[in-house]
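Worksheet for the structure shown next.
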């Protein structure tokens, strides 16, 4: 599957709210002075910088060079690598991830890598989209692909597992669950829906030619308008997220 291409400036314009939501998840980390923490899918490094400001030693990883350049400017130690291929061994007190796990198709592989990267007693704290996340938008996209066979097959670039599925995978890997919840977070966009869609569906539309892309976004916005647009609020996104905190039992 093609890799998502990120434009840092577009992310800041259309999706800065996602970083803001991650601050609530940060509180679950209960950061201690001098801890070593891995930020999985650190993006532009805003939350990694906040973790670092609380006295932790942070390493941020991402596959988007454009985003990592911004994290570097914030003074974050970064590494360009996939979270599905982690190569750490007992190096971190905690692993943190905000709005990135749903881009990682091999979620069991990610969990195994996180487990190996943690020290005994280490914790894994994250937030990601659940199976209900953007259901209206995803359904509209699937129907458009079905109605336009020249687009080719619909290949979702995301995973949105039910919370019970992800929690079970954590337990099977040896994690104990401290906390988990699901959050219905319908979100008003400050910018337009077309720009938001273009930012997050790059992988989905890479197989389309330019006329097909233009038609796809035009028809998609039109289809979403009755459910996600109002004159009072403007455009909204039907976000539903899961948040969790888990830990590895210490060695006895």
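Laboratory data are not the source of any read-out in this text; all were calculated from the coordinates shown. In this text, all values refer to a predicted model and were calculated from it rather than measured experimentally.
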Whole-angstrom gap from the range 110-153 to the range 58-81, using each part's C-alpha centre: 22 Å
Considering the convex hull of the alpha carbon atoms of the range 147-217, report its projected area averaged over all viewing directions, in nm², one decimal. 7.4 nm²
For the range 45-99 the mean separation of alpha carbon contacts under 8 Å (6+ apart) over residue count, i.e. relative contact order in percent, is 33 percent
Viscosity 1.002 mPa s, temperature 20 °C: Stokes-Einstein D of the chain from its Kirkwood Cα radius, in µm² per second? 113 µm²/s
For the range 16-82, what does the relative contact order come out to in percent, with C-alpha contacts under 8 Å and a separation of six or more? 30 percent
C-alpha long axis of helix 16-29 to longest principal axis of the chain, angle in °: 30 degrees
How are the alpha carbon pair distances in the range 97-155 distributed across 5 Å bins from zero to the largest one, expressed in percent? 4, 14, 17, 17, 14, 12, 9, 6, 4, 2, 1
Taking Cα atoms, how many degrees apart are the long axis of helix 107-117 and the longest axis of the chain, rounded to 10 and kept between 0 and 90? 30 degrees
Helix axis angle, 135-147 relative to the chain longest principal axis, alpha carbon, degrees: 50 degrees
Relative contact order of the chain, defined on C-alpha pairs under 8 angstrom at six or more residues apart (%): 22 percent
